[in-house]
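K.L.:
Below you'll find the structure I mean.
Read-outs: derived from the displayed coordinates by stated rules, not from any lab. Everything numeric in this text was worked out from a predicted model, so none of it was measured. As a convention, Cβ positions derive from the backbone with ideal geometry for all residues, glycine included, and neighbour counts pool all protein chains shown.
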Amino acid sequence: MKVSIITVCYNSAETIEKTIQSVISQSYQDIEYIIIDGGSYDGTLDILAKYRSKLSKVVSESDDGIYDAMNKGIALATGDIIGILNSDDCYSNSDVIYSVVSAFRQNDKDMLFADLKFVNDNDKILRYYSAKRFTPNRLKFGIMPPHPTLFVKKAIYQKYGVYRLDFKIAADYEIFVRFLLVNRLSYTYLNKCIINMLVGGVSTSNLQSKKIINQETIKALELNGIKANYLCISTKYVTKILEILKGRLLNYYKKN
């Protein structure tokens, strides 16, 4: 089973090397690694050149945002399943892709997701984001699995579409709604933390982003024919608080 991994980046010189290393160190061998760069000028391209022999495809050109870049990567991908790893995220260990492939082989579902940890520059755990209790119905409350842990069969993107470009931040949420609530695609949950996500990404950076996320969450539901209101989606913040508390507990046990 061939796995395509897509990393989209723009001026990511401070973080992308660690991301690349987490991919090329995977024990599973049948990996196609695609980098879609938005025309970086901060040294990112020098890092990509350093690892060029380890990268299957590299594209560097202007785009219409992160989701346009993801769609470019999906179009280039030739793997059976596709994962998207952001340029400031890393796989948590060298056996992540092996575990993902094993789960697909055992369950033969359309898609897979797992858990991730939000970390800071010192790898301190700030939040543990688990998909263990996720059900598609929770999408109606703005709760979705961790998108960086998502792996999807390429045939699913071909049949049901890719990321919408009329979303600034929440096209990943919309695709979960479209795949799981509207088309009821099958999925499996991998009960492992497979991603370390550096805090400060597009959807985690500031209060203005939170406002846009809430607006786009409502938009995603309504576009897919699902009734929505701000009261329902506000319940997701309770879940986030619990995840932050779990992250603090994990840090405590890590120290002791």
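K.L.:
Name the shape class, rounded, prolate or oblate, that the alpha-carbon gyration tensor gives for segment 67-108, where a ≥ b ≥ c are the square roots of its eigenvalues, rounded holds for a/c under 1.5, and otherwise prolate holds if a/b is larger than b/c and oblate otherwise.
P.N.:
Taking the square roots of the gyration eigenvalues as a ≥ b ≥ c, segment 67-108 is oblate.
K.L.:
Mind giving me the FRET efficiency for N107 and K210? R0 is 30 Å, r the Cβ-Cβ distance, nearest 0.05 is fine.
P.N.:
FRET efficiency, N107 to K210: 0.30.
K.L.:
Average the reciprocal distances over every distinct pair of alpha-carbons in the chain, invert the result, and give the Kirkwood radius in Å.
P.N.:
18.6 Å
K.L.:
Also, quick follow-up: For E61 and Q158, what does the FRET efficiency come to when R0 = 22 Å and r is the distance between their Cβ atoms, rounded to the nearest 0.05?
P.N.:
0.40
K.L.:
Taking the beta-carbon count within 10 Å as an exposure proxy, list L180, L55 from fewest neighbours to most.
P.N.:
L55, L180
K.L.:
Output the peptides 35-47, 19-31, 143-155 sorted from most to least packed, where packing is the average of other Cβ atoms within 10 Å over each peptide's residues.
P.N.:
Most protected by this proxy first, the peptides run 143-155, 35-47, 19-31.
K.L.:
Separate question: Would you kindly state how much longer the chain becomes between V182 and L76 on full extension, computed as 0.36 nm times their sequence separation minus their alpha carbon distance, in nm to one decimal?
P.N.:
35.5 nm
K.L.:
For the chain, with the dipole built from +1 on Lys and Arg beta-carbon atoms and -1 on Asp and Glu ones, taken about the Cα centre, which of L76, G39, V152 lies farthest toward the positive end?
P.N.:
V152
K.L.:
Continuing with the same structure: Where a ≥ b ≥ c are the square roots of the eigenvalues of the C-alpha gyration tensor, would you call segment 47-178 rounded, which needs a/c under 1.5, or, failing that, prolate if a/b is larger than b/c, or oblate?
P.N.:
It is rounded, given that a/c, with a ≥ b ≥ c, falls under 1.5.
K.L.:
To the nearest 0.05, how large is the calculated FRET efficiency for E14 and R52 if R₀ is 30 Å and r is the Cβ-Cβ distance?
P.N.:
0.95
K.L.:
Going by how many other Cβ atoms sit within 10 Å of their own, how do E222, E216, E17 line up, fewest first?
P.N.:
E222, E17, E216
K.L.:
Is segment 99-149 best put as rounded, prolate or oblate by its Cα gyration tensor, with a ≥ b ≥ c the root eigenvalues, rounded for a/c under 1.5, and otherwise prolate when a/b is larger than b/c, oblate when not?
P.N.:
Because a/c hits 1.5 or more and a/b fails to exceed b/c, segment 99-149 counts as oblate.
K.L.:
Find how many whole Å separate the alpha carbon centroid of segment 7-32 from the alpha carbon centroid of segment 160-180.
P.N.:
Cα centroid to Cα centroid, the span is 24 Å.
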